[in-house]
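Have a look at the structure below before the remarks.
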Amino acid sequence: MTESDASSVHEAHSDDLREKTLQPVDRGIPNSQAARTFGVNCSSVKRDAATRPEGRTLAPRKHPSSNLSSTRGPRILLEADVEDRPSIHP
């Protein structure tokens, strides 16, 4: 894998790396410089810096679309409706 290939791969940063990127920010170093130093996106440093005072963990969160169970509810209701009233469903 070339360096350009590696930069296009989106991987979650470890908790340890997230903490390390925030140490310079705590000392007054700009987010952009801390991001360059550790090779992460400036937006990641900004988000992590904002998340920490809120008391939330710095661990990566699960992507909302990865929760497919939200589509099960309407499907179950539709199937029950088809069973209850088969004459109105083709």
*When residues of region 14-27 are limited to those that are in a helix (DSSP H, G or I) and free of Cβ contacts under 8 Å to residues at least 12 places away in the same chain, the one nearest to ALA59 (Cα to Cα)*: ASP16
*asked:* With the structure loaded, tell me whether THR37 is among the β-branched types (Val, Ile, Thr) and at pLDDT below 75 or whether it fails that test.
replied: no
*If you scan region 71-86, which residues turn out to be of a type in the set (Gly, Ala, Ser) and modelled with pLDDT of 80 or more?*
ALA80
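The values are calculated or read from the model by the stated rules, or taken from the named source; none is laboratory data. Please read all numbers here as calculations on a predicted model, not as lab measurements. Glycine also receives a Cβ, built like all others from the backbone with ideal geometry; neighbour counts cover every protein chain displayed.
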